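We did not get these values from a lab; they are worked out from the coordinates using the rules stated. This structure is a prediction, so every number in the text was calculated from the model and none was measured. Every residue, glycine among them, receives a Cβ derived from its backbone with ideal geometry; neighbour counts consider all protein chains shown.
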């Protein structure tokens, strides 16, 4: 699934500034989603899904709008950043506007957004930026982190053993990816795009204390025993929780989205079956197998059979 957005971002100096900027954005930026964020700096983002329109025409019109907004707020720097992701690989490009002028520009690159956001606020220090995640405007919070010097299959074994028979959770796995979902609460996504580096992402759907305690217990028991860190960015609450089992000099962020790594989707009970040149009996059999989790050739079922004997 691709992700292609154009976002206007600026930092906030006080609480009143959010409402003022939001009013300016709403007047001229139709079809944009707008939200306040608190980490890594306090700011506002207005984001447009470029897949909805002719990209070149839309970008040109938005650039003119951003120029006018920057004239209305001449003391502020505004970043206009396009992010384009497919198959795990992400690139970005953008410009910084101030007082109606372009004061900085970055061409398409894996780290362009980092350089631009660093100009907006010097507190920006990581490649990961939560407002550039797919569910940012609907979720209660984000999850991200890293496990050092480990292989995904060992975490898959531990998580599968603990949760595969618990109806409150869902576990799915491919050779380099794993999802653990607490239904109605959160999901954790582990991926192994680099040798001996496991990246952690996820979303928090319910930010109640009970759900957050459950999430922290799962992370502590199944991830944080290894050299790792996990951050919980609670967007609605404006809180940022750090769970760390690393020394300060080990807290490095491995960059990985310069290449594709997830070449196949997770198995799904709602997947459509390709029925060309297949007998009706075989179609029914495939549908039944998928609906009942009996697709024995999937990686996930091979993995479970391997350790269940």
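Tabulated data
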{"item": "Pairwise centroid distance, computed over Cα atoms, of segment 144-211 with segment 54-81, Å", "result": "38"}
{"item": "Sequence of 127, 144 once ranked by neighbouring C-beta atoms within 10 Å, starting from the fewest", "result": "127, 144"}
{"item": "19, 106 arranged by Cβ crowding within 10 Å, fewest neighbours leading", "result": "19, 106"}
{"item": "Paramagnetic label zone (point 7 Å from Cα along Cα-to-C-beta, residue 240; backbone N under 19 Å) in segment 178-220", "result": "200-204"}
{"item": "Taking 233, 91 and counting other C-beta atoms within 10 Å, the order from fewest to most", "result": "91, 233"}
{"item": "Cα-Cα separations in segment 3-132 greater than 17 Å, expressed as whole percent", "result": "54"}
{"item": "Cα gyration tensor shape of segment 141-250, rounded if a/c is under 1.5, else prolate or oblate by comparing a/b with b/c", "result": "oblate"}
{"item": "Contour excess over end-to-end distance, with Cα ends at residue 195 and residue 153 and 0.36 nm allotted per residue", "result": "13.9 nm"}
{"item": "Principal axis dimensions, largest first and in whole angstrom, of segment 1-55 by Cα", "result": "35, 26, 11"}
